[in-house]
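In what follows, a structure is listed as structure tokens, so that the remarks can point back to it.
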Amino acid sequence: MTYTLPRLRDRLCVAGFIAFWLVPLVWHGFVSPARLPGEPAIFHRWHSISCLFTDRPNQRNTYYVQVRYFGQSEWETLDLAGYFEMEPFGYRTRMHRYLVRWRGKKSRGREELAAWLYRRHAELHPDRELPSELRFVHAWTIPSVDEPPTGDARPPPLSEFPEERTQIMSLHAPPPELADAHH
């Protein structure tokens, strides 16, 4: 029986798999979760997903939408039931995923999301006045083995977070077309 070498194309595919998948995957899993120089962002995301649960997260992020109505000094947390029909990520909606990506950046995305929330509020509550202000709030907890979370993994009310574990991400006014229509 004679042995023949695999075709060049097959050898290149195996080498590419090792170089572009296995080596970065091992790197992210054992050395550093940071992006490798020249690594495309989508590959980094795929490698990170493949390395799920290699260590515990350093914080658990929760995002809230708060509104305030004209003449009101207190902010109230908006109940997002009805705003987002699907919760494909457990209790989290796509809004949570967007805010994770837009957290540290000055982004038009939050402005567009706020405008959409104002429009959706007007649709859901045509008899109510439109909020005069809307803000996105990021809150976080630090996981602890000594004090594991209890309950059904739903986020706690924003009022339960200490002030040093909350951050106002951005503040928004109603879009001009809605502001004019509600005055």
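Output the number of the condition that Glu129 fails; it satisfies all remaining conditions of (1) of a type in the set (Asp, Glu); (2) over 16 Å from Trp75 (Cβ atoms); (3) touching a residue at least 60 places away in the same chain (Cβ under 8 Å).
Evaluating Glu129 over (1) of a type in the set (Asp, Glu); (2) over 16 Å from Trp75 (Cβ atoms); (3) touching a residue at least 60 places away in the same chain (Cβ under 8 Å) leaves (2) as the failure.
Do we have any residue at all in the range 84-106 that's over 16 Å from the mean Cα position of the chain (by Cα) and modelled with pLDDT under 85? Can you show your working first?
Step one: of the range 84-106, the residues over 16 Å from the mean Cα position of the chain (by Cα) are 85.
Remaining after also requiring modelled with pLDDT under 85: 85.
Checked the range 84-106: at least one residue is over 16 Å from the mean Cα position of the chain (by Cα) and modelled with pLDDT under 85.
Test Phe43 against the stated conditions and say whether it is modelled with pLDDT under 80 and more than 18 Å from the chain's Cα centre (by Cα). Spell out the reasoning first.
Working: modelled with pLDDT under 80: yes; more than 18 Å from the chain's Cα centre (by Cα): yes.
Here the answer is yes, as Phe43 does meet what is asked.
Does Val26 count as at pLDDT 80 or above and within 30 Å of Ala139 (Cβ to Cβ)? It would help to see each step written out before you state the result.
Working: at pLDDT 80 or above: yes; within 30 Å of Ala139 (Cβ to Cβ): no.
So Val26 fails the test.
For Val65, state whether it is closer than 30 Å to Ile42 by Cβ, of a type in the set (Val, Ile, Thr) and at pLDDT 90 or above. Reasoning before the result, please.
Details: closer than 30 Å to Ile42 by Cβ: yes; of a type in the set (Val, Ile, Thr): yes; at pLDDT 90 or above: yes.
Yes.
Mind listing just one residue for me: the one in the range 118-145 that is aliphatic (A, V, I, L, M) and within 11 Å of Ala173 (Cα to Cα) and, of those, farthest from the chain's Cα centre (by Cα)?
Filtering the range 118-145 down to residues aliphatic (A, V, I, L, M) leaves 122, 124, 130, 134, 137, 139, 142, 145.
Cutting the leftovers down to within 11 Å of Ala173 (Cα to Cα) gives us 130, 134.
Details: Leu130: 26, Leu134: 18 Å.
Only one residue fits best here, namely Leu130.
Does Trp116 satisfy the criteria of being touching a strand residue (DSSP E or B) at 6+ places or on another chain (Cβ under 7 Å) and either surrounded by 15 or more Cβ atoms within 10 Å (Cβ to Cβ) or at pLDDT 75 or above (or both)?
In short, no.
Please pick out the residue among Ala179, Ala153, Ala139 that is small (Gly, Ala, Ser), at pLDDT below 90 and either in contact with a helix residue (DSSP H, G or I) (Cβ under 7 Å, 6 or more places away or on another chain) or more than 16 Å from Arg68 (Cα to Cα) (or both).
Values: Ala179 fails: either in contact with a helix residue (DSSP H, G or I) (Cβ under 7 Å, 6 or more places away or on another chain) or more than 16 Å from Arg68 (Cα to Cα) (or both); Ala139 fails: at pLDDT below 90.
Unique residue meeting the criteria: Ala153.
Against the conditions (1) modelled with pLDDT under 80; (2) of a type outside the set (A, V, I, L, M, F, W, C); (3) loosely packed, with under 15 Cβ neighbours inside 10 Å; (4) out of contact with any Pro (no Cβ under 8 Å at 6 or more places or on another chain), where does Arg56 fall short? Just the number, please.
So Arg56 meets the others, but not (4).
Just one of Pro174, Pro157, Pro131, Pro143 is touching a Ser or Thr at 6+ places or on another chain (Cβ under 9 Å) and surrounded by 12 or more Cβ atoms within 10 Å (Cβ to Cβ); which is it?
Details: Pro157 fails: surrounded by 12 or more Cβ atoms within 10 Å (Cβ to Cβ); Pro131 fails: touching a Ser or Thr at 6+ places or on another chain (Cβ under 9 Å); Pro143 fails: touching a Ser or Thr at 6+ places or on another chain (Cβ under 9 Å).
Exactly one of Pro174, Pro157, Pro131, Pro143 is touching a Ser or Thr at 6+ places or on another chain (Cβ under 9 Å) and surrounded by 12 or more Cβ atoms within 10 Å (Cβ to Cβ), namely Pro174.
The values are calculated or read from the model by the stated rules, or taken from the named source; none is laboratory data. Computed from a prediction, not measured in an experiment: that's the story for all the values here. FYI the Cβ positions are ideal-geometry reconstructions off the backbone, even for glycines, and counts take in every protein chain you see.
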